[in-house]
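Student: Supplied in structure tokens, the structure appears directly below.
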Amino acid sequence: MAGVQYPGSCFISSNSGGSWSLLSAPLSTNKYYSAVVMDSAGLNIFVASYSGYIYRSTNSGFSFTSSAQNGEWYSLACSSQGQYIIGVQSPGQIWLSQDLGNSWVEVYGVSSNTWYAVCMSRNGRYVTAALNGGGIYRSSNFGIANSWYYYNSYLLFFLK
């Protein structure tokens, strides 16, 4: 289990939240981290920064490298194996990695809005993203381009 503390710290727990350890370099305590996700084995960890990169660890948080382009990242989600990772960015892009964060491609964009949150099913097939201010988009094809559909904006109120 992993979590972010505002401002600037990321933590990991190996005992279901009984105790927590600070994640280390290159993660810095002077950055603002917005999200952290990990695969079900706890090996692959992805940390998003509001003003920076998505950082990736393939060794349970012992070391990190930058994984995605510089940007204003708001939310992340990953499949249980960590193969699929989806991230939402301001001003309105959704980015997808299908190879454990090695490469990223923009799969959807709404230039005038900011995404609020994103979630993904265990196998990565189903992805839902919410716009700040209303609007739910869903993909049932691993979040790839041209697979996103808009749903009623009133649904956002039930997610908060």
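The values are calculated or read from the model by the stated rules, or taken from the named source; none is laboratory data. In this text the structure is predicted, and so the values were computed from the model without any measurement. Neighbour counts are summed over all protein chains in view; Cβ atoms, including those assigned to glycine, are modelled from backbone coordinates with ideal geometry.
Student: Please find, among Tyr84, Tyr53, Tyr74, the residue that is among the hydroxyl-bearing types (Ser, Thr, Tyr), free of Cβ contacts under 8 Å to residues at least 24 places away in the same chain and surrounded by 16 or more Cβ atoms within 10 Å (Cβ to Cβ).
Tutor: On the way: Tyr84 fails: free of Cβ contacts under 8 Å to residues at least 24 places away in the same chain; Tyr74 fails: free of Cβ contacts under 8 Å to residues at least 24 places away in the same chain.
From the options Tyr84, Tyr53, Tyr74, the qualifying one is Tyr53.
Student: Checking the condition at pLDDT 90 or above and not hydrophobic (A, V, I, L, M, F, W, C), which residue from Ser60, Ser49, Ser79, Ser66 passes?
Tutor: Values: Ser60 fails: at pLDDT 90 or above; Ser49 fails: at pLDDT 90 or above; Ser66 fails: at pLDDT 90 or above.
The unique qualifying residue is Ser79.
Student: Separate question: I need the full set of residues from segment 2-31 which are assigned to a loop (DSSP other than H, G, I, E, B) and at pLDDT 80 or above, in order please.
Tutor: Initial filter on segment 2-31 (assigned to a loop (DSSP other than H, G, I, E, B)): 6-8, 13-20, 23-31.
Hits for segment 2-31 are Ser13, Ser14, Asn15, Ser16, Gly17, Gly18, Ser19, Trp20.
Student: Just give me the residues in segment 69-100 being more than 13 Å from Val37 (Cβ to Cβ) and assigned to a loop (DSSP other than H, G, I, E, B), in sequence order.
Tutor: Within segment 69-100, Gln69, Asn70, Pro91, Gly92, Gln98, Asp99 qualify.
Student: Next up: Return the residue satisfying two criteria in turn: it lies in segment 119-154 and is loosely packed, with under 15 Cβ neighbours inside 10 Å and more than 23 Å from Ser79 (Cβ to Cβ), and of such residues it is modelled with the highest pLDDT.
Tutor: Restricting to residues being loosely packed, with under 15 Cβ neighbours inside 10 Å and more than 23 Å from Ser79 (Cβ to Cβ), the top hit is Tyr150.
Student: Taking the stated definitions as given, is Gly42 modelled with pLDDT of 85 or more and either closer than 18 Å to Ser67 by Cβ or buried (at least 17 other Cβ atoms within 10 Å of the Cβ) (or both)? I'd like the intermediate steps shown before the answer.
Tutor: Working: modelled with pLDDT of 85 or more: yes; either closer than 18 Å to Ser67 by Cβ or buried (at least 17 other Cβ atoms within 10 Å of the Cβ) (or both): yes.
Yes.
Student: Kindly indicate whether any position in segment 104-113 is part of a strand (DSSP E or B), touching a Cys at 6+ places or on another chain (Cβ under 9 Å), modelled with pLDDT of 90 or more and not small (Gly, Ala, Ser).
Tutor: The first filter runs over segment 104-113 and keeps only residues part of a strand (DSSP E or B), leaving 105-109.
Going one step further and asking which of them are touching a Cys at 6+ places or on another chain (Cβ under 9 Å), we end up with none.
There is no residue in segment 104-113 that is part of a strand (DSSP E or B), touching a Cys at 6+ places or on another chain (Cβ under 9 Å), modelled with pLDDT of 90 or more and not small (Gly, Ala, Ser).
Student: Also: Return the residues of segment 57-70 that are under 27 Å from Tyr150 (Cβ atoms) and buried (at least 20 other Cβ atoms within 10 Å of the Cβ); say none if nothing qualifies.
Tutor: Going residue by residue through segment 57-70, those that are under 27 Å from Tyr150 (Cβ atoms) are 68-69.
Result: Ala68, single match.
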